[in-house]
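**Q** My structure is below; once you've seen it, I'll send some questions.
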Amino acid sequence: MLCAAADYRADEVHRLWAEHGIVDPHPGAGQRECLEYVWSVTGWHLLDEDVTVTPEIATSAVVLATDPRAAEHRDVRHLLLPPQHVFSRRADLFTLTALGQIEATNNWHRLAREWLHGELPVTEIGRRIAGRRDETVRDIRPRA
């Protein structure tokens with residue numbers, strides 16, 4: 001769904017949400033409203049340019065991710081977010097708030113592409129983690 005949102009495919013975001021029971025496909029939130037909501041919450045790592053994460057960006061994303069009834073998103077206030085949504089986003093949101101506190105700047109989209117699209121790491125630490133992961137996989141494979 002994030003890949004569809006990053007590519008501005010509102011119809012795909014809406015379809016996926018409808019399939020998972022998050023929106024009612026008929027009288028519920030429209031495609032554009034769903035896409036705008038996703039961008040409000042996760043745009044900091046969907047936008048392919050340097051973004052400074054401020055405390056305001058972090059707070060807004062946390063509030064919208066856990067309670068989509070905010071005034072600016074009236075059309076998606078009836079989202080049926082499964083409990084595992086909030087639970088699974090904890091690490092993401094905690095990281096975001098830490099980045100906001102130090103007002104970190106980066107092209108977060110380039111980093112997100114590693115797990116959204118399986119692309120190679122773009123940072124030194126990402127390459128080290130990937131190397132460790134590869135070593136671990138080699139170590140646990142059964143020997144012939």
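Rule-based calculations on the coordinates, nothing more; no lab input. Keep in mind the model is a prediction, meaning the values are calculated, not measured. Please note: Cβ atoms are built from the backbone with ideal geometry, for glycine as well, and neighbour counts cover all protein chains shown.
**Q** Sequence-distant or interchain residues sharing an amide H contact under 5 Å with residue 51, placed H: which?
**A** 106, 107, 108
**Q** To make sure I understand, if each residue's beta carbon is the centre and we count other beta carbons within 10 Å, what order do 56, 36 fall in, fewest to most?
**A** Ordered from fewest to most neighbouring Cβ atoms within 10 Å, 56, 36 come out as 56, 36.
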